[in-house]
Amino acid sequence: MTDKAKLEKLILLIGDLLQEKENAWMVDALLQTIENTAPLDKIAGNDVIQHIHEYCVEQKIDAQARAFYAKFPITQIREQLIEDYKKMEHERRRDDFNNFCLCMYQQIENIVSLFFHELIEPNWENLKERPAIQVSVQHSKQNL
């Protein structure tokens, strides 16, 4: 049996040992040993570490989005705004300015659309003669 085969058996044995509750301390001990013996860039490139990092980032972004919209008074669109905020943060992390702006715009559009459909549209007949709206409508007709 080669040394590699023996080491693979050792890894399987360690895996079996880690499944036992009373051996939970071994995870910390193994991680500490790896941290003390392997270069940080080698550890950071590991897929498991990358998944853990992404998981932590997801939790942080979710917490940021929920905190940002925690006191937002329009509860009926809050969850959609939170989802759009999270997408926006992902685009910021990727340095994708165009998609970052798109996600930010979607949040603004969602709020404006709600205001329009709930406040302006139902009262349009009463509101269209008001000076601010009347001037805006006249200005729009002149530009056509």
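The values are calculated or read from the model by the stated rules, or taken from the named source; none is laboratory data. What you see is a predicted model; the values in this text were computed from it and never measured. Heads up, the Cβs are rebuilt from the backbone with ideal geometry, glycines too, and the neighbour counts pull from every protein chain shown. What goes into the accessible areas is simple: the full protein's heavy atoms, side chains included, and nothing from ligands, DNA or RNA. Shrake-Rupley method; radii C 1.70, N 1.55, O 1.52, S 1.80 Å.
Before moving on, here are some points about what is shown:
- Helix 47-68 axis, angle to the chain major axis (alpha carbon atoms, nearest 10°): 30 degrees
- Cα long-axis angle, helix 97-115 against the chain (0 to 90 degrees, to the nearest 10): 50 degrees
- Accessible surface, the chain, averaged per residue in Å² (probe 1.4 Å): 81 Å²
- A cut-off under 12 angstrom between Cβ atoms defines the neighbours of GLU79, and their net charge, with Lys, Arg +1 and Asp, Glu -1, is 0.
- Note that segment 70-82 has calculated 3J(HN,Hα) couplings of 4, 9, 5, x, 8, 6, 5, 10, 4, 4, 5, 5, 5 Hz, one per residue in order, obtained from phi through the Karplus relation 6.51 cos²θ - 1.76 cosθ + 1.60 (θ = phi - 60°); glycine and proline are x.
- Surface share of carbon and sulfur [accessible, 1.4 angstrom probe, percent] for the chain: 59 percent
- Whichever lysines have a C-alpha closer than 18 Å to that of LYS128, once near sequence neighbours (fewer than 8 apart) are set aside: LYS141
- Cα extents of the chain along the three principal axes, largest first (Å): 90, 33, 24
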